[in-house]
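Enquirer: This structure is in structure tokens; I'll ask about it shortly.
We did not get these values from a lab; they are worked out from the coordinates using the rules stated. All figures in this text were calculated on a predicted structure; none of them were measured in a lab. All Cβ positions, glycine included, derive from the backbone under ideal geometry; neighbour counts span all protein chains shown.
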Amino acid sequence: MSNATLKYIRLSPIKARLIAKEVQGMNAELALASLEFTPNKAAKVISKVIASAVANGGYESNEVIVSSCRIDQGPVLKRFTPRARGSATPIRKPTSHVFVEVSKKAKED
């Protein structure tokens, strides 16, 4: 079992969790292939973290499954944009922490 972490990525955790749920329990090679063709910023980020977790364990991507893919909320960058009559509107720029854990497949006998 090996894991990889990516912290403080400029990505909304709500949007990233939609992609993370899809790859949990998948074969790592199949997960990387499906994320490659998903048109989403989160898909590119999560695929890099999965590839890193596979490499950290010294495995081949077809030998392991994605046992857990977790997206936690990071700090929020708070900005303001000017509005009419000298007022301002807040803008929230969320960040995320991505945790991926891969483990060996159970042997099929």
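Enquirer: So what is Rg over Rh here for the chain, counting just Cα atoms and using Kirkwood for Rh?
Expert: That ratio is 1.15, to two decimals.
Enquirer: Sticking with this structure for a sec: Calculate one ³J(HN,Hα) per residue across segment 11-17 by plugging θ = phi - 60° into the Karplus curve 6.51 cos²θ - 1.76 cosθ + 1.60, and present them in order as whole Hz with x for glycine and proline.
Expert: Result, rounded to whole Hz: 8, 6, x, 5, 6, 6, 5.
Enquirer: Do any trypsin sites (Lys or Arg not before Pro) in segment 1-102 lie in a DSSP loop with no more than 15 other beta carbon atoms within 10 Å, and if so, which?
Expert: On the way: sites: Lys7, Arg10, Lys15, Arg17, Lys21, Lys41, Lys44, Lys48, Arg70, Lys78, Arg79, Arg83, Arg85, Arg92; in loops: Arg10, Arg83.
Filter output for segment 1-102: Arg10, Arg83.
Enquirer: Separation between the Leu30 and Asn62 pseudo-spin-labels, each 7 Å from Cα along Cα→Cβ, expressed in nm?
Expert: Calculated label separation equals 1.4 nm.
Enquirer: Between Gln73 and Lys93, with labels modelled 7 Å along Cα→Cβ, what's the label distance in nm to one decimal, could you check?
Expert: 1.9
Enquirer: Continuing with the same structure: Count charges around Val49 for me, please; just the other residues with Cβ under 12 Å from its Cβ, Lys/Arg as +1, Asp/Glu as -1. Spell out each step's value before the answer.
Expert: Details: positive: Lys7, Lys44, Lys48, Arg70; negative: Glu101.
Its environment carries a net charge of +3.
Enquirer: What is the helix-to-structure angle for 41-57, meaning the angle in degrees between its Cα long axis and the longest Cα principal axis of the chain, kept from 0 to 90 and rounded to the nearest 10?
Expert: With both axes taken from Cα atoms, the answer is about 40 degrees.
Enquirer: Also, quick follow-up: If you rank Glu101, Glu60 by fewest surrounding Cβ atoms within 10 Å, what's the result? Spell out each step's value before the answer.
Expert: On the way: Glu101 20, Glu60 10.
In increasing order of surrounding Cβ atoms, one gets Glu60, Glu101.
Enquirer: Okay, next question. Show me, for segment 64-81, the HN-Hα J-couplings you get by feeding each phi into the Karplus relation (A = 6.51, B = -1.76, C = 1.60, θ = phi - 60°), rounded to Hz, glycine and proline as x.
Expert: Values, residue by residue: 10, 10, 7, 6, 8, 9, 10, 10, 9, 7, x, x, 9, 7, 9, 10, 10, 10 Hz.
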